[in-house]
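Beneath this line is the structure, given in structure tokens, with notes to follow.
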Amino acid sequence: MPFGNLNRDRNGYIILPNSKLEDPITELAPLKVKDLPVINTIDPEKLYQLVTIMVNSANNCAGLIFNTFEDLEQSTLDKLRYKFLVPIFPIRPFHKFCPPSSSSLIAHHETCISWLDRQEPGSVIYVSFGSIAAIEQPEYEEIAWGLRNSGRPFLWVIRPSSVDGVDGLNPGLEERGCIVKWAPQVEVLSHPSVGAFWTHCGWNSTLESISEGVPMICMPCFTDQKVNSRFVCDVWRVGVELESSNGLERGKIQRAIRRLFDEKDGEEIRDRMLHLKEKASLCLKQGGSTFQSIGGLSDHILSLESLTFSARESTV
């Protein structure tokens, strides 16, 4: 790999020209260059060696557990089974097996559920960007104006200290929506009044949205989120992309909301999402792919324990 010939910034990090960011990656369709997770390093050769070791080690393990389900990523799982000659167990959406935990990084605001109870079915935009991503004040203002101008009711989670200068901005904003510090996400997504999820596309949030059949407005920030967003919008086609690389604009926000709620394209997105929700539900039932995978994983672990016990006995 010609790493040494690439342009670098003053810290030694590789710089990719903007003209290349939209280029497709043939080996990783449908991803574009801009979708790849960025790992800043001044020694990409060592990083490449580390990743190679990790991939090679996977073939020497007892099995691989994947945080997905068969009908969602079957072609990818088939490729992985061909590549890695070890058992593979996709076990999501396992959160449906048990009730939501009462614990959280921040105490849940149950008042938002009573607010949702008063809204029309499928009318609310749920806005949450997870527990890590931060919002700059100019972005907050554009989000606030975009939501306000959309005319739609919204439930917006704003974590403490995630935005500077929230107090006093957009007076009257809460008259059109409900703003909380945190919310019980699975309960919110399963509520009949929620019609869209504006998300950073973290993988857990993505799977929860699919499991509850809620279309997404995708605004990824970092790590795997851009890859997840590309699959949501271009492969499964159950969401719309909100391009924010050049800064958020209230007009773009309004157009994304209008597309999802008011246009024919939005109806088709909802139909596809409901179909995907049904697949997620079926995989958990007896005979379903995840049901069988979890059973197979349990049997596999027990067989490994049996082999280990037998090996110890033979050495006594």
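Every read-out reported here was derived from the displayed coordinates using simple, explicitly stated rules and does not represent laboratory data. Every value quoted in this text rests on a predicted model; they were computed, and no experiment measured them. Because the Cβ atoms are built from the backbone with ideal geometry, glycine has one as well, and the counts that use them run over all protein chains shown.
Before moving on, here are some points about what is shown:
- Given LYS96/LYS279; LYS20/LYS226; LYS32/LYS79; LYS32/LYS226; LYS96/LYS285, the pairs whose alpha carbons are separated by over 18 Å: LYS32/LYS79
- Surrounding net charge for SER193, when Lys and Arg each add one and Asp and Glu each subtract one, Cβ distance under 13 Å: -2
- Summary of packing: across the peptides 36-44, 264-272, the per-residue average of other C-beta atoms within 10 Å ranks them, highest first, as 264-272, 36-44.
- For GLY122, neighbours were defined as the other residues whose beta-carbon sits under 11 Å from its Cβ, and their charges (Lys and Arg +1, Asp and Glu -1) total +1.
- Taking 0.36 nm per residue of sequence separation and removing the Cα-Cα distance, the ASP299/ARG258 pair yields an extension gain of 9.9 nm.
- Taken one residue at a time, the phi angles of region 54-71 give Karplus couplings (6.51, -1.76, 1.60, θ = phi - 60°) of 4, 5, 5, 5, 4, 6, 9, 8, 7, x, 10, 9, 10, 8, 7, 9, 4, 5 Hz. Gly and Pro are set to x.
- Residues MET54, MET216, sorted so that the one with the fewest Cβ neighbours within 10 Å comes first: MET54, MET216
- Among SER75, SER244, SER150, sorting on how many other beta-carbon atoms sit within 10 Å of each Cβ, with the fewest leading, yields SER75, SER244, SER150.
- Sorting 129-137, 228-236 by their mean Cβ neighbour count within 10 Å, with the most densely packed peptide first, gives 228-236, 129-137.
- Spatially proximal lysines relative to LYS181 (Cα-Cα < 22 Å; intrachain offsets below 8 disregarded): none
- Residue order for ILE25, ILE179, ILE210, fewest other beta carbons within 10 angstrom first, comes to ILE25, ILE179, ILE210.
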